[in-house]
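To keep things clear, I will list the structure first and then write my remarks on it.
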Amino acid sequence: MSEVVEIQDPHNWIPANTQGGQLFINVEQVAGVVQLNSIDNHIYQIEETGEWLITTDGYKACNKVAGVQCISPDSLLLPDGKTVSNPYVEFDQATGTAHRFWARHITIGKNSSGMPSIISVTILLDAKIAFAEELSRAIEKNKDAGRYYMAGTLSKDELKSGMYILFDGDMGIYGDRTYPEVVAAVQNFINNKRYGDKKAWTMALKTSLQRQPCMPPPKTRALNGFAKVLVAAYKSDFEEKDIVAMIREYTETGTVSGADVSETIGDISKERDTEDFKLLSDGGMRF
C-alpha cells in the first residue's frame, strides 16, 4: 500500500515507487511507511493489556527499507570471560539435558548523524528459571495448583501427581499436573529444552535490530490486526570489506572508530512467551 510520508525538508526528497509501499529518498537518506499485520506474524497483541508489539518478522519487514546489516558471529563471550561458540548450550550435570542457552547477533546500520551504529546483543535463556517463573505465575492465580518447597519435603502423593524442580539450591517449585496451567508450563519447559538455542537466537536478532536508531519502537498502534510504522534512516551503503573491517576492529578493541557501539547481555528467562518464534536459524553473514 502506498503511503505519503511527511518530512521536514521535502524539497530534497524524491518519491520512488517500490513494491509494498512508497519510499522517499534523497542522496543519503531513505524513509518509508511499512504496513505490518498479525496474519504474517509482524505484530502480536498482549492479552492482559491489549497492547500491540512488533515481532522479529515485523522488524525484518522494516529492515527491507532500512537495509541494516545483520551479522551472526561465530563466537560469544560469557560473563565469566569464557569464549564459546554461537549459539552455545549448557547442560545440566544432574540430568545431562540442555538447560541454558546463549546466542548473539550484531547489526550494523547508521545513526541520526549518518555514522555507523553497531548493536551487539547476547541473549540468555535458562529453561529451569523460565519454568519456575511460569509455575510461580500459575500458583499466584491458583494456590491449589502448586507450591514452593524445600528439598525432601514433598509428600508421596505430590511426587506421584506433580512436576517439581529445584531452581535455587535446596529451594524448588512444585506443580500439580491435574491443573491445565501446570500442564502448559511443563510443555513450555520441554519446548525450551528442545528449542532454547533457536529461541535465544531469534530474540538476539530481534533485539539487535530493534535497537537500531532507524527502527520503530516495539509498541505500535494497530487496527484490526494492521499497523503502519515509519522507518527513516541513512542508507546503509557498507560494502563487505567495510563490514569485515568494523567487525575485526570491534572484536579486537571493543570499539570502532567513528561509530556508536552498544553491547548488551539480556536474560529472557523471566519473560512470558508472547511471540511465535521461528525454529530456523537465519540472520545474515557469519564472522
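The values are calculated or read from the model by the stated rules, or taken from the named source; none is laboratory data. These figures come from a predicted structure and were not determined experimentally. For neighbour counting, all protein chains shown are included, and Cβ atoms are generated from backbone atoms with ideal geometry for every residue, glycine included. All accessible areas refer to the heavy atoms of the entire protein, side chains included, with ligands and DNA or RNA removed. Shrake-Rupley method; radii C 1.70, N 1.55, O 1.52, S 1.80 Å.
A few points about this structure:
- Selection count where residues are modelled with pLDDT under 80 and either within 20 Å of THR107 (Cβ to Cβ) or part of a helix (DSSP H, G or I) (or both), scope region 18-51: 3
- Residue pairs whose Cβ atoms lie under 7 Å apart, sitting 6 or more positions apart in sequence or on different chains, and linking a residue in region 58-75 that is touching a residue at least 40 places away in the same chain (Cβ under 8 Å) to a partner that is of a type in the set (Lys, Arg), are TYR59/LYS206; GLY67/LYS235; SER72/ARG286; PRO73/ARG104; ASP74/ARG286.
- Contact annotation: residue pairs with Cβ atoms under 6 Å, 6 or more positions apart or on different chains, pairing a residue in region 148-173 that is touching a residue at least 12 places away in the same chain (Cβ under 8 Å) and among the β-branched types (Val, Ile, Thr) with a partner that is in a strand (DSSP E or B) and open to solvent by 70 Å² or more (accessible area, probe 1.4 Å), are ILE173/TYR148.
- Yes/no for GLU249 being in a strand (DSSP E or B), at pLDDT 60 or above and either open to solvent by less than 70 Å² (accessible area, probe 1.4 Å) or under 28 Å from THR55 (Cα atoms) (or both): no
- Considering LYS270, LYS193, the condition of being in a loop (DSSP other than H, G, I, E, B), touching a helix residue (DSSP H, G or I) at 6+ places or on another chain (Cβ under 7 Å) and open to solvent by 30 Å² or more (accessible area, probe 1.4 Å) is satisfied by LYS270 alone.
- Test for PRO213: is it surrounded by fewer than 16 Cβ atoms within 10 Å (Cβ to Cβ) and not in a helix (DSSP H, G or I): no
- Residues of region 140-159 that turn out to be of a type outside the set (D, E, K, R) and under 31 Å from the mean Cα position of the chain (by Cα), as a count: 4
- Residue in region 190-208 that is among the β-branched types (Val, Ile, Thr) and either farther than 30 Å from ILE54 by Cα or touching a His at 6+ places or on another chain (Cβ under 6 Å) (or both) present: no
- Within the set VAL261, VAL231, the sole residue that is more than 21 Å from SER75 (Cβ to Cβ), assigned to a strand (DSSP E or B) and out of contact with any His (no Cβ under 8 Å at 6 or more places or on another chain) turns out to be VAL231.
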